[in-house]
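The values are calculated or read from the model by the stated rules, or taken from the named source; none is laboratory data. Keep in mind that this is a model prediction, so the values were computed, not measured. Backbone-built Cβ (ideal geometry, glycine too); neighbour counts: all protein chains shown. Protein only, heavy atoms only, side chains kept; ligands, DNA and RNA dropped before computing areas. Shrake-Rupley method; radii C 1.70, N 1.55, O 1.52, S 1.80 Å.
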Amino acid sequence: MTTTLRAAGVAMAALVAVCAASPALAAKTRPTPITLDTPEGALMASRKVQCSLKDGQAVTYYWLGDLYSRMQGERDRLLFKVEGMNVRQCTTVTDPQRGTGYKLVSREILLYKDPVSGEVLKKWKNPWTGQEVDVLHVANDPVNSTSWTVGRDGKPITWTGTVQGTHWWNTLTVPLFYKNPLAGDYQKYVGGWYHATEMFNFFGRIDDLTSPKTDSAEVNVGWVRVSDWLPWMQMNGREGGIYIHAAGRKLARWDDLSATMKAEIAANYPAYTSPPPADDARPNETSWTYFKKKVQPDGAGAH
């Protein structure tokens, strides 16, 4: 979810936390329920949300939603239906200073579909410019992160979710503002920064988090993304932007993806049947860096 459950993708990894012991060992030595009021318990529960306590166990998130325009002085327009997936795994890692942690490795897809027919689009007629443009779907590979018992602020992490009765939920807002990889070296003077916000809501049953008998929690997710126009829209600096409103869940298995998504993966993204390898050391991909790889400044390039 782009960017993936991210940007989609990196943004979703912000909830990832570390298990204080080897997951394989933890699976054998969890005699009592996990408590969320300790750093170790909070971290183990968070890992259950994001992936699994078992090293190398593949987990798939899937979501559906709508993409709208937002432009001053006119009604918002439903431009696309969207459909996304993220396939991931976690593995235990250690660091001399930070202790035991885990690494999440994933790759994600977001498809732009016709709002009426639901067809996965190859071309799109821009209603503001009248120009027909090539649609470049999101295919971010990889979207990875590493987490530890201590947060970036140097303090032990805590469980930040809300528990009410038999259920829990967690809200995460991720403001993004960084140098746009499609721009030059003069952002300080002329602009050219990427500005977006990712908003996530995760929901589930508290028993899934605290039970010593489960390695992965059943999770529902809501996702909102507010951002600039997508580069392939060729909006040429026009005022406005887009927002995406979507929801989904962690699937029981990869094969529970829709027929549409599985067909697209088979035809165009064959690596997305499984997560990246646990030792993946590549830099993270975003929809913007992916666009830069696929499209040249003169518009030439593979789609």
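Of the residues making up the stretch 237-251, those that are assigned to a loop (DSSP other than H, G, I, E, B) and open to solvent by less than 90 Å² (accessible area, probe 1.4 Å) number 3. Of note, Tyr290 does not satisfy the criterion of being modelled with pLDDT of 95 or more, of a type in the set (Phe, Trp, Tyr), out of contact with any helix residue (DSSP H, G or I) (no Cβ under 8 Å at 6 or more places or on another chain) and under 24 Å from Phe80 (Cα atoms). Residue count for the stretch 51-61 satisfying the condition of being in contact with a Phe, Trp or Tyr (Cβ under 9 Å, 6 or more places away or on another chain) and either assigned to a helix (DSSP H, G or I) or under 30 Å from Val116 (Cβ atoms) (or both): 1.
In the stretch 60-89, what count of residues is obtained for those that are open to solvent by less than 10 Å² (accessible area, probe 1.4 Å) and not basic (Lys, Arg)? Give the derivation first.
Here is the first cut: in the stretch 60-89, the ones open to solvent by less than 10 Å² (accessible area, probe 1.4 Å) are 60-61, 63, 67, 69, 80, 82-88.
Now narrow it down to the ones that are not basic (Lys, Arg): 60-61, 63, 67, 69, 80, 82-87.
So the answer is 12.
Take Asp256 and tell me if it is open to solvent by less than 80 Å² (accessible area, probe 1.4 Å), out of contact with any helix residue (DSSP H, G or I) (no Cβ under 9 Å at 6 or more places or on another chain), under 24 Å from Pro127 (Cα atoms) and charged (D, E, K, R). Criteria not met by Asp256.
For the stretch 101-120, which positions are of a type outside the set (D, E, K, R) and buried (at least 18 other Cβ atoms within 10 Å of the Cβ)? Lay out the reasoning, then the answer.
We begin by selecting, within the stretch 101-120, every residue of a type outside the set (D, E, K, R); these are 101-102, 104-106, 109-112, 115-118, 120.
Those that are of a type outside the set (D, E, K, R) and buried (at least 18 other Cβ atoms within 10 Å of the Cβ): Gly101, Tyr102, Leu104, Val105, Ser106, Ile109, Leu110, Leu111, Tyr112, Val120.
Every residue, every condition in (1) at pLDDT 95 or above; (2) among the acidic types (Asp, Glu); (3) closer than 27 Å to Tyr62 by Cα, yes or no:
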site: Thr92; (1), (2), (3): no, no, yes
site: Leu104; (1), (2), (3): yes, no, yes
site: Asp141; (1), (2), (3): yes, yes, yes
site: Gln164; (1), (2), (3): yes, no, yes
